[in-house]
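Structure first, then comments.
What follows draws every value from the coordinates through simple rules; no lab data is involved. Just so you know, these numbers come straight off a predicted model, no measurement behind them. Backbone-built Cβ (ideal geometry, glycine too); neighbour counts: all protein chains shown.
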Amino acid sequence: MIRFVEIYKRYGRQEILSDVSLEIHPGEFTLITGANGSGKTTLLRIIAGLDRPDRAGVMLVGEMRSWRKSRKALRKRSVYLHQRPYLFSGTVLDNLRFALSVNRIKGRDRRRRLERAIDNFFLDSLLDREARSLSGGEQQRLALARACLTEPELLLLDEPTANMDAASRAQFMSMLIQSGNRNQAIVLVSHDIVGLDFRYDHHFDLDDGRLLDVTRTKPGERSRVSLTLVK
Amino acid sequence: MIAEATADAMQLLLTGDPALWEIIMISLSVSGRALFLCLPAGIALAFLLSYLEFPGRRLVVVMFQTLMSIPAVVIGLTVYLLLSRHGPFGDLKLLFSQTAMVVGQMMLSFPIIVALGYAAFQAAGRRGWETARTLGAGRIRAFFALLHEVRFGLFVAFAAAFGRIISEVGVSMMVGGNILGYTRNIPTAIALESSKGEFAQGIALGFVLMLIALVLNMSLHFFQGREPVIV
C-alpha cells in the first residue's frame with residue numbers, strides 16, 4: 001500500500017492541490033475525476049515522482065517519509081502514461097523492446113512478457129509498423145502495452161481515452177482491465193467518463209484543490225462507472 | 001580569365017597537387033579536432049539547458065544564441081590577446097600554432113552546437129525523457145535514448161558548426177599566422193592566393209569547400225532517410 005499525506009501544490013498564486021491525501025492499494029482500481037485544470041494531472045505526476053509538490057508525505061513499506069526522499073522509490077514502482085503518449089522513433093517492436101531492455105529483462109521471461117503484451121493488446125499485425133505512424137488509439141494501445149511489459153506495481157494513466165471514439169474507449173478499457181495482474185494498482189484520471197464501462201474500487205473527485213471521496217460502494221465491493229457519476 | 005583559372009583549378013585538383021592537398025588536410029584536421037573536442041560538452045550543455053530548471057536559464061540560452069553570430073575575427077582577436085606573449089596564457093607559446101586555431105574554432109563552434117542542440121532537445125519536449133525514465137531507464141540510459149530521438153537535430157547542429165569553422169578566415173589568420181605546411185588552411189590560402197592574383201588555387205580550394213558542404217548535406221539527407229526532421 002502507498003499512502004500520500006497532505007499533498008500541497010501551488011503554481012504562482014493559484015493553489016492546485018490543498019491537503020490532498022490518498023491511499024493506493026495493490027490490485028485496486030482508483031478513478032479520479034475533475035474538471036479541466038482541476039489538478040488531476042499534477043496529482044498523478046506527483047504520485048509518479050515526476051513533479052515536485054510543495055509539501056507531501058509518502059508512506060511506503062510502513063515508513064512515512066517526505067516526497068523528496070520517496071521520489072526514487074515512486075519512480076521505480078510506477079509507470080506514468082502521458083495523455084498524448086510518447087513513442088520512440090522506430091517500430092512498434094522497437095518500442096516494446098526498449099521497455100524490456102532498460103529493465104534488463106532477458107531470456108525466457110522476456111519472451112513470455114513480449115508474447116503476452118502482443119496478444120493482450122492485439123499488436124501482432126502492427127509489430128513492423130513505424131510507431132509514430134499509428135492512429136491515436138493504436139498509439140495509446142502500444143503505450144499501454146509497453147508500460148505493462150515492465151509489470152509495474154502502480155500504473156498511472158492520464159486521460160488515456162480522451163481522444164478516442166466510443167468503440168476505441170471500450171476496447172482500451174477492456175484491455176486495461178484484462179492486462180493488469182492481481183497486485184497491480186491502477187490510477188486513472190479523466191475529466192470525462194461518459195461511455196466508459198468498467199468497475200472500480202475508489203472514485204475521487206478533485207474539486208477546488210481538494211480530493212473528495214465519491215465512491216458509492218461498501219468496502220470490498222467494486223462500483224461501476226455509469227452516466228450518473230458524471231457531473 | 002575566370003574560365004582559364006577554373007580550368008587550372010580543376011587540373012590542380014585532379015592531378016593531386018601535393019601543396020593543395022596539404023592545405024586541405026590541415027583544414028580538415030584542425031576543424032575536425034575543434035568540433036570533436038567541443039561536441040560532447042556542447043551536447044551535454046544543450047541537454048542541461050533544455051531539461052534543468054535554474055535561475056537565469058533563459059538568459060544563458062539567449063547568450064549562446066547571440067554568440068552564434070559573433071564575427072570570427074572577434075574570436076580571433078580574443079584568442080590572440082589571450083595567447084600573445086603578454087597575455088594570460090602567453091607562457092604556453094601557442095600563438096601561431098594549430099592548437100591556437102583549434103581553440104579559436106572551438107570557441108566559434110561551441111555556441112552553435114549548444115544553441116541548435118538546445119533547439120533539438122526542446123523540439124523533443126519533456127515527454128521523451130519522462131517516458132524513458134518512467135519505463136525504468138536510468139539517467140544515462142534515458143539520456144542516450146533521447147540522443148537517439150534528437151539525432152537529426154544534433155546532426156544539423158554538427159553540420160552547421162562544421163560549415164562555420166571550415167570556412168572561417170578570422171581566427172585562422174589571426175592566431176594561426178597562415179604558415180605554409182603548418183597553419184595554412186583552405187580559407188587563409190584562398191585569401192592569400194587571391195591577394196597575389198593567383199586565382200587557380202583559390203578557385204580549386206573554393207571547389208573543395210563547396211564539395212565538403214555538399215557531402216555534409218547529402219549525408220544529412222541520407223542519415224534522415226524517410227523519417228521527418230525533428231527540428
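Which value, in debye to the nearest 20, gives the size of the charge dipole of chain B about its Cα centre, when Lys and Arg are +1 and Asp and Glu are -1 at the Cβ?
Numbers: 15 positive and 12 negative charges, 213 e Å.
Here chain B has a charge dipole of around 1020 debye.
For the peptides A:122-130, B:152-160, what is the packing order when you average, over each peptide's residues, the other Cβ atoms within 10 Å and list the highest mean first? Could you put the intermediate results ahead of the total?
Working: A:122-130: 14.1, B:152-160: 20.8.
Ranked from most to least packed, the peptides come out as B:152-160, A:122-130.
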How far is helix B:18-51 tilted, in degrees, relative to the longest principal axis of the Cα atoms in chain B, given as a value from 0 to 90 rounded to the nearest 10? 20
Counting partner chain Cβ atoms within 10 Å of every residue's Cβ in A:99-105, what's the average? 4
Rule-of-thumb check for the range B:2-224: C-alpha Rg over 2.2 N^0.38 Å? 1.16
Dipole of chain A [Lys/Arg +1, Asp/Glu -1 at C-beta], most positive-end residue of A:M173, A:G57, A:V189: A:G57
For chain B, build the charge dipole from Cβ charges (+1 Lys, Arg; -1 Asp, Glu) around the Cα centre, then report which of B:Q224, B:G163, B:A213 sits farthest towards its positive end. B:Q224
Sequence gap at least 6, Cα distance under 8 Å: using those rules, report the relative contact order of the range B:140-198 to the nearest whole percent. 22
So what is the relative contact order for chain A, in percent, with contacts set as C-alpha pairs under 8 Å and at least six apart? 28
Just how large is the dipole of chain A about the Cα centre, in debye to the nearest 20, putting +1 at every Lys and Arg Cβ and -1 at every Asp and Glu Cβ? 980
Phi-based couplings in Hz for the range A:72-83 (Karplus 6.51, -1.76, 1.60; Gly and Pro marked x): 4, 5, 5, 5, 5, 8, 10, 10, 10, 9, 5, 4
Restricting to DSSP H runs of at least four residues, report the calculated mean residue ellipticity at 222 nm for chain B, -39500 (n - 2.57) per run over all residues, nearest 500 deg cm²/dmol. -25500 deg cm²/dmol
How far, in degrees from 0 to 90, does helix B:2-14 lean away from the longest principal axis of the Cα atoms of chain B, to the nearest 10? 70
Can you tell me the 0 to 90 degree angle between the C-alpha axis of helix B:186-196 and the longest principal axis of chain B, rounded to 10? 30
